[in-house]
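Here's the structure we're looking at; comments come further down.
The values are calculated or read from the model by the stated rules, or taken from the named source; none is laboratory data. Computed from a predicted structure; not experimentally measured. Cβ placement follows ideal geometry from the backbone for every residue including glycine, while neighbour counts extend to all protein chains displayed.
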């Protein structure tokens with residue numbers, strides 16, 4: 001059977017599975033739709049959180065980015081896992097005790113203000129759309145290569161599937177589909193990594209393999225060989241990066257804090273029965289995430305060595321284009337890899353200086369890796385299914401936040417307080433259908449490449465929600481004036497900095513022009529500090545939070561008496 | 001108020017914060033410390049094929065993060081019981097949980 005038929009079968013089977021689960025887990029009430037009735041087992045919730053969390057960016061782009069960035073790729077590895085420590089220690093248990101459906105609901109109630117609620121809704125919708133655009137794009141890339149449909153058709157198929165289970169099942173449908181999607185995506189990620197690790201180093205565990213000696217009898221360590229290759233070809237040494245220390249520091253912090261402030265991640269902790277389940281669930285989530293995140297740098301290293309060896313040939317003189325392996329022409333047809341014979345010798349050559357003749361998109365590294373390493377066809381098909389699973393699971397989680405923010409926080413709590421549960425559920429479904437349409441449009445007309453777009457969502461979340469939630473829990477006296485002023489100034493500052501350097505004046509996007517040498521990716525950290533400073537300063541000059549709110553804060557600080565998540 | 005006294009509530013919160021800040025200090029030290037600020041110094045030391053700073057940045061810090069959450073979960077469950085503010089307990093849902101009960105007693 002050829003790769004394409006196999007891919008159709010495996011991707012088709014996973015789709016059938018997701019639809020089956022969606023029908024089984026239909027939502028009957030708003031409680032089902034928003035928080036799966038708060039009855040999800042912490043281990044299952046950990047898996048769903050992991051799938052929710054690991055997006056097309058984690059699955060498709062991250063190892064590729066690390067592969068091209070070397071040490072600097074650590075910003076993603078530490079940034080996207082370290083946030084779970086903050087979540088488990090500072091946020092999840094308290095928000096679970098508080099027991100509402102959404103992040104804007106916490107902000108609105110804690111700051112006793114519908115203005116604060118509306119500001120939070122706007123921030124949530126803004127963050128989620130930034131993020132979801134990248135996911136739909138990821139679905140398109142996978143479909144265009146493996147099923148040979150064009151990106152537009154790929155995005156529409158993806159939208160159809162998400163529409164089906166997100167609109168029908170809400171959080172309940174999404175949670176159980178995500179458990180299945182986690183299993184698909186982690187297998188798809190680990191299987192090729194294990195194969196390649198055995199081939200290159202003889203180690204079954206990739207995490208050990210990439211720090212081991214090569215299998216070719218030379219006795220050199222894999223990373224030493226890669227450092228050598230990199231410097232010879234005019235790149236920076238793989239194990240030391242090119243970014244400045246301050247920039248690495250700020251990007252890592254923005255990603256960590258952003259992780260802890262992303263509404264679609266936080267909302268997952270409202271679905272477990274107890275406060276201690278929320279803590280435990282954060283641990284399970286990080287375990288499931290760590291499986292992929294500790295494998296990613298191994299894949300990055302293997303892929304880079306393999307790619308350089310294949311293109312430049314064993315003697316580092318370049319491989320003749322006629323003898324090029326089939327993956328190069330496969331990916332050339334998607335436009336993600338291209339070769340220009342600059343010196344006219346008919347051989348391909350890849351390097352970091354003027355000898356370079358290749359243009360390789362980072363996004364293909366994970367997807368092409370099994371082909372580069374010559375693995376069996378079913379592994380390649382499995383990777384395609386994994387990429388789709390990662391993109392779908394995250395899109396669904398984000399779309400749910402958009403729809404609940406609108407139907408619950410904006411309509412029910414603000415504009416139309418008298419609608420019934422059934423009507424609210426209908427509005428939630430309409431809102432998620434509209435959101436899917438917009439997300440699809442953004443996927444077909446993407447604003448940038450996957451991981452980069454996603455990285456900005458973190459900066460925005462870090463500079464808006466995180467400080468407001470932290471102050472809401474750890475400071476009894478923090479008032480609405482402070483929180484609103486903080487959120488508005490934090491997100492405005494961060495968005496302005498990013499928009500200026502990325503869209504208005506991209507030519508100026510160089511370290512010389514950045515404030516304190518902080519890139520737009522890392523500016524969310526500064527936005528967060530600004531948010532904290534403004535909030536604390538404004539709160540000093542205005543009245544303390546009312547007594548009943550202070551009593552509520554005292555109440556969320558211990559687990560006893562946590563009820564199920566509720567609307568009021 | 002679910003605490004026996006105002007004093008208990010304060011003590012519980014203080015112990016909670018102390019645990020939280022200790023764990024966050026370790027969190028900061030492994031990621032921002034070993035993985036970023038001290039990476040060049042640590043890279044002089046080797047761990048098999050890894051330079052140590054590079055290993056912390058791309059592997060080690062993640063393992064430590066995981067350990068921190070496990071310690072937090074265990075310690076907080078203990079603390080909740082000490083001040084009698086744990087959630088009312090129904091029958092254990094799974095083996096892991098009943099083992100954990102034994103451990104914390």
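Any idea which of (1) facing another protein chain (nearest Cβ under 10 Å); (2) surrounded by fewer than 20 Cβ atoms within 10 Å (Cβ to Cβ); (3) modelled with pLDDT under 85 is the one residue A:246 doesn't satisfy?
(3)
Could you list, in sequence order, all residues of segment A:197-220 that are within 25 Å of the chain's Cα centre (by Cα) and in a helix (DSSP H, G or I)?
A:206, A:207
Within segment A:270-282, track down each residue that is within 13 Å of chain B (Cβ to nearest Cβ), surrounded by 24 or more Cβ atoms within 10 Å (Cβ to Cβ) and assigned to a helix (DSSP H, G or I).
A:275, A:277, A:278, A:279, A:280, A:281, A:282
More than 27 Å from residue A:244 (Cα to Cα), modelled with pLDDT under 90, more than 8 Å from chain A (Cβ to nearest Cβ) and in a helix (DSSP H, G or I), is that true of residue B:96?
yes
Which condition breaks for residue B:13 when tested against (1) closer than 24 Å to residue B:77 by Cβ; (2) surrounded by fewer than 17 Cβ atoms within 10 Å (Cβ to Cβ); (3) more than 7 Å from every other protein chain (Cβ to nearest Cβ)?
(3)
I'd like the full set of residues that are away from chain B (no Cβ under 14 Å) and within 34 Å of the chain's Cα centre (by Cα), limited to segment A:290-323.
A:303, A:306, A:307, A:308, A:309, A:310, A:311, A:312
If I filter segment B:26-42 for residues that are free of Cβ contacts under 8 Å to residues at least 40 places away in the same chain, in a loop (DSSP other than H, G, I, E, B), in contact with a strand residue (DSSP E or B) (Cβ under 9 Å, 6 or more places away or on another chain) and more than 10 Å from every other protein chain (Cβ to nearest Cβ), do I get at least one hit?
The answer is no, given that none of the residues of segment B:26-42 is free of Cβ contacts under 8 Å to residues at least 40 places away in the same chain, in a loop (DSSP other than H, G, I, E, B), in contact with a strand residue (DSSP E or B) (Cβ under 9 Å, 6 or more places away or on another chain) and more than 10 Å from every other protein chain (Cβ to nearest Cβ).
Take the conditions modelled with pLDDT of 85 or more and more than 9 Å from chain B (Cβ to nearest Cβ) and apply them to residue A:194. Does it pass?
yes
Being more than 9 Å from every other protein chain (Cβ to nearest Cβ) and touching a strand residue (DSSP E or B) at 6+ places or on another chain (Cβ under 8 Å) narrows it down to one of A:214, A:229, so name that one.
None of the others qualify; the one that does is A:214.
Select from segment A:129-155 the residues that are surrounded by fewer than 18 Cβ atoms within 10 Å (Cβ to Cβ) and part of a helix (DSSP H, G or I) and list them in ascending order.
Across segment A:129-155, the qualifying residues are A:129, A:152, A:153.
State all residues of segment B:43-63 that are within 16 Å of residue A:252 (Cβ to Cβ) and more than 9 Å from chain A (Cβ to nearest Cβ); if no residue qualifies, say none.
B:60
Taking the conditions exactly as written (within 18 Å of the chain's Cα centre (by Cα), at pLDDT below 90 and more than 7 Å from every other protein chain (Cβ to nearest Cβ)), does residue B:83 satisfy them or not?
It is false that residue B:83 is within 18 Å of the chain's Cα centre (by Cα), at pLDDT below 90 and more than 7 Å from every other protein chain (Cβ to nearest Cβ).
Can you give me the ranges of the helices (runs of 4 or more DSSP H) entirely in segment A:469-568 with at least 3 residues that are within 14 Å of chain B (Cβ to nearest Cβ) and surrounded by fewer than 20 Cβ atoms within 10 Å (Cβ to Cβ)?
A:547-556
Considering each of A:168, A:86 in turn, give the residue that is more than 30 Å from residue B:23 (Cα to Cα), in contact (Cβ under 8 Å) with a residue 40 or more places away in the chain and surrounded by fewer than 24 Cβ atoms within 10 Å (Cβ to Cβ).
A:168
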